[in-house]
1. Look through the range 130-151, keep the residues that are away from ligand 1 (no atom under 13 Å from the Cβ) and hydrophobic (A, V, I, L, M, F, W, C), and return whichever of them is surrounded by the most Cβ atoms within 10 Å (Cβ to Cβ).
2. Checking the condition assigned to a loop (DSSP other than H, G, I, E, B) and surrounded by fewer than 24 Cβ atoms within 10 Å (Cβ to Cβ), which residue from Gly176, Gly162 passes?
3. Output the number of the condition that Ser154 fails; it satisfies all remaining conditions of (1) touching a His at 6+ places or on another chain (Cβ under 9 Å); (2) surrounded by fewer than 17 Cβ atoms within 10 Å (Cβ to Cβ); (3) not aliphatic (A, V, I, L, M).
4. Please note which helices (runs of 4 or more DSSP H) are completely contained in the range 2-76 and include at least 1 residues that are within 14 Å of ligand 1 (Cβ to nearest atom).
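The values are calculated or read from the model by the stated rules, or taken from the named source; none is laboratory data. Being a predicted model, the structure only gives us computed values, none of them experimental. With ideal geometry, Cβ positions are generated from the backbone for all residues, glycine too; neighbour counts draw on all protein chains shown.
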Amino acid sequence: MNTLFLPADAPNTVTVAAEIIRSGGLVAIPTETVYGLGANGLNEDAVRRIFEAKGRPQDNPLILHIAKAEQMEDFCEDVPRVAYDLADAFWPGPLTLVLKCKPIVPKRTTAGLDTVAIRCPDHDVTRAIIAASGVPVAAPSGNTSGRPSPTKASHMVEDMNGKIEAIVDGGSCGIGVESTILDLTVTPPRLLRPGGMPVEKLAQIVGEIAVDDAVIRPMKEGEKPRAPGMKYRHYAPKAPVTVLTGTGADTAAYIAEQVQPGDGVICFQEYAPMFPDCVVQPIGEEVDDLAHAQRVFDALRAFDGTDVPRIFAQCPPEQGLGLAVANRLKKAAGFHVIAL
Ligand code: AMP
Ligand code: MG
C-alpha cells in the first residue's frame, strides 16, 4: 500500500483524511499527547485493521476520540455529573474518561467490555478531521505494539509506512506522553494510567482518586488488569533498560560509575557531559518536566538505530507530569528499577 503523507497545514488534508476514515481506512493523526492510529470507531472492519497494523492483542481496547465534549452522550450511558465537570475543565486535553458504553459502540472497539474510553484531543487539525469524518475516531497510539509511542511523523513512518492509507504530519507532539486514563464507573474514580493530565489537577475536581496497583508495579502472573493494556510489555527499546530513581546528582554519579563505553544513557541535560563514551539521549534540564515528557519516547526509540547493549535512565520525581514519564520509563525497563 502506498501511504499518503499529508502535512497538517496543507489545504486539502482535513478533507482527504476525513474521507479515508469515513470509507474505512486508517490514518495516523497527530494529537497533543502522541500520534494515534485512527479509524472509524463504529466500523468493525476498520477497527480490526488497527489491531492488525499494530500487531495489538485483541483484548486491549481502543480510545474513542471525539471532536466536541457533547458527543460523549452519543456513545456513553449514565454519564455522571463529574464527567461533565472534568470535560468542562480539561477537554480538549490529555484526559481519557472510562464510562458505561452504549450499544452503538462495537465490541471490537471496546474489546468486549461494557465500558468505553473516550477523549477530546487538543489538536485543531485532528479535531477538524474527526468532525469532518462524521464518526468517532478509534485510535490507540500509532506505534507497532510494544514499541515506544510515536511523537513525530517520522516515528509513524518507521512503524506504519505501507500499512495504512495516510499519515498526517503535525510535527512534534506538544506533551509527548499518552493521556491520563480515569475510570469513572467505580467509586472512588480510579487512575488506570498516569499521563499528560497531572492527577493532582484531577483531584481538585474529583476529590479522592484511587491509584490502580498496575500503575506502580508490574502485574503478577495470572492477575486480571482493570485496564487491559496494563498487562502487556510496553514502550521497550531493543536493549534492556535500567531505571535509576533518586536525586539527579546521585543517579548521574551511579550511572557514570556503572557504564561501559558504548552503553546508552537517558539523562537530564546538565549531566550529559558525565558520559563522554556513551550514546547519550538528553531529555531536558532536570527541572523541566514538560521537556522530559516531550522527549522520553523519542529518546527510547533513538537507541533502536544504534547497537547499544544496555541503557541506563535517570528517572524524574513522580509528581505532575513526572508520574507519567516515570511510569513509561519503568515499563520500558520491565520495572527494572534501582532506587538510590
Ligand atoms: P493506547 O492509546 O495505545 O495506550 O491504548 C489505549 C489505552 O486505553 C490502553 O491502555 C487500554 O487498555 C485503555 N482502555 C481503552 N478502553 C478502555 C476501557 N473501556 N477500560 C479501561 N481501559 C481502557
Ligand atoms: Mg499504546
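1. Here the answer is Ile130.
2. Details: Gly176 fails: surrounded by fewer than 24 Cβ atoms within 10 Å (Cβ to Cβ).
Residue meeting the stated conditions: Gly162.
3. Unmet for Ser154, out of (1) touching a His at 6+ places or on another chain (Cβ under 9 Å); (2) surrounded by fewer than 17 Cβ atoms within 10 Å (Cβ to Cβ); (3) not aliphatic (A, V, I, L, M): (1).
4. Details: elements: 13-22, 44-54, 72-75.
Once the helices (runs of 4 or more DSSP H) in the range 2-76 are filtered for at least 1 residues that are within 14 Å of ligand 1 (Cβ to nearest atom), what remains is 44-54, 72-75.
Residues checked against (1) of a type outside the set (A, V, I, L, M, F, W, C); (2) at positive phi; (3) modelled with pLDDT of 95 or more:
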residue: Asn161; (1), (2), (3): yes, no, yes
residue: Asp183; (1), (2), (3): yes, no, yes
residue: Gly196; (1), (2), (3): yes, no, yes
residue: Met219; (1), (2), (3): no, no, no
residue: Lys231; (1), (2), (3): yes, no, no
residue: Thr242; (1), (2), (3): yes, no, yes
residue: Ile255; (1), (2), (3): no, no, yes
residue: Pro261; (1), (2), (3): yes, no, yes
residue: Gly264; (1), (2), (3): yes, no, yes
